[in-house]
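Data block below; observations after.
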Amino acid sequence: MLNSRQMMARASFGASSLIHTSHPWHLSDDLPIAVVIVDAEPKFTGFLPPSCCTASVCAPASRPPAPSSPSPATTWTARTSCPPVCQAGRGPRPFARPLNVPFLGSLFMSHLTIEPSILYFGTPVVLLSTENEDGTFNLAPMSSAWALGNVIVLGLGAEGHTARNLAERPELVINLPAPHLWEAVERLAPLTGRDPVPASKADRSRFEPDKFGAAGLRAQPSDGVRPPRVAECPLQFEATAARVGLDVSGSFVIAEAVVSKVHADPRIVVPGTQHVDPAAWSPLVYNFRHYFGLGDQLGHSYRSQTPGGVPETVSATAGS
Ligand SMILES: Cc1cc2nc3c(=O)[nH]c(=O)nc-3n(C[C@H](O)[C@H](O)[C@H](O)COP(=O)(O)O)c2cc1C
């Protein structure tokens, strides 16, 4: 039910993508129960800002195309600000972001309570190379990895060969594949370096002693650790697991790997600096067991040392 003030609130959807009303809405009793936008797409997109800016560096190619035929609302595009690259005068770059029409709905959304079988909400894939008991090397994909300063925290199945290798021989390389390597990663998915295959993995895994060969990836010697790097991976971290222990469930091992050396493909490094260029590097993201790359940049942290791809003259410090 709408109260009288809501009934009187005359809302309009302005060119800034904000909802304007004749008075502020109060969370307690004034929120509308629905926003319904009724119009044809050409009229709707025509009402939106036409491009990020009118500067010559924002070439027509970077502007949204004129609407031709009706398409779903979620494919409409709007530009409300210049991309950092454009402002830096480095030329046009597509920077469209979806007009967030679904977000308007989410203001009034009631969530479902669900029980998903997995909670892998989208984290980068890494390939861990570790040393086997006989001096050969294992390679395993995993995605439960994240950085704390120069420590990478890894979550590994306790029954897997990688967890066992790390408990005995803590040196490893954390290799980060780019999105185009997803098929090589998937070739590794059903393989384990453990022989015999443990009963808990028998239905989905088979033993493979040569994981590099099976994936079609090349081993490249490391500088300071025994396991090799994956040559095709643009980022490679040599590391040593300083702490390896069971998690609360007892089913997983958490390893804290201290990074000692970072190798980066020159094409993803801002020239003349120690910075990875976020516009050039894209991780392979494992999103509820599907593979994705990155979409267009949305913005950057106030702490970014590479805003717009142009590095600031501050020294690198740990932190996020
Ligand atoms: C994209 C991807 C991500 C994975 N993430 C993890 C993970 O975070 N932790 C884990 O223990 N296993 C993960 N796995 C499963 C292991 O790769 C799999 O259990 C493999 O058999 C381990 O090999 P290993 O026994 O030789 O160590 C992942 C697999 C794929 C394909």
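How would you classify the range 163-266 from its alpha-carbon gyration tensor, with a ≥ b ≥ c the square roots of the eigenvalues: rounded for a/c under 1.5, else prolate if a/b is greater than b/c, otherwise oblate? If you can, show how the numbers build up before the last one.
Working: a/c = 1.89, a/b = 1.15, b/c = 1.64.
Oblate is the answer for the range 163-266, as a/c is 1.5 or above yet b/c matches or exceeds a/b.
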Average Cα contact separation per residue, the range 121-297, under 8 Å, 6 or more apart, as relative contact order %: 27 percent
Of the trypsin sites (Lys or Arg not before Pro) in the range 251-299, those whose Cβ has at most 16 other Cβ within 10 Å and which sit in DSSP loop: Arg289
How much length would be gained if the chain were fully extended between Arg289 and Arg204, taking 0.36 nm per residue of separation minus their Cα-Cα distance, in nm to one decimal? 29.1 nm
Using r as the Cβ-Cβ distance of Ala242 and Ile114, and R0 as 45 Å, what FRET efficiency do you calculate, to the nearest 0.05? 0.75
Using the beta-carbon distance between Ser251 and Glu183 and R0 = 25 Å, what value does 1/(1 + (r/R0)^6) give for FRET efficiency, to the nearest 0.05? 0.30
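All of the numbers you see were taken from the coordinates with simple rules; none came from a lab. No experiment lies behind these values; they were computed from the predicted model shown. Note: ideal-geometry Cβ built from the backbone for every residue, glycine included; neighbour counts use all protein chains shown.
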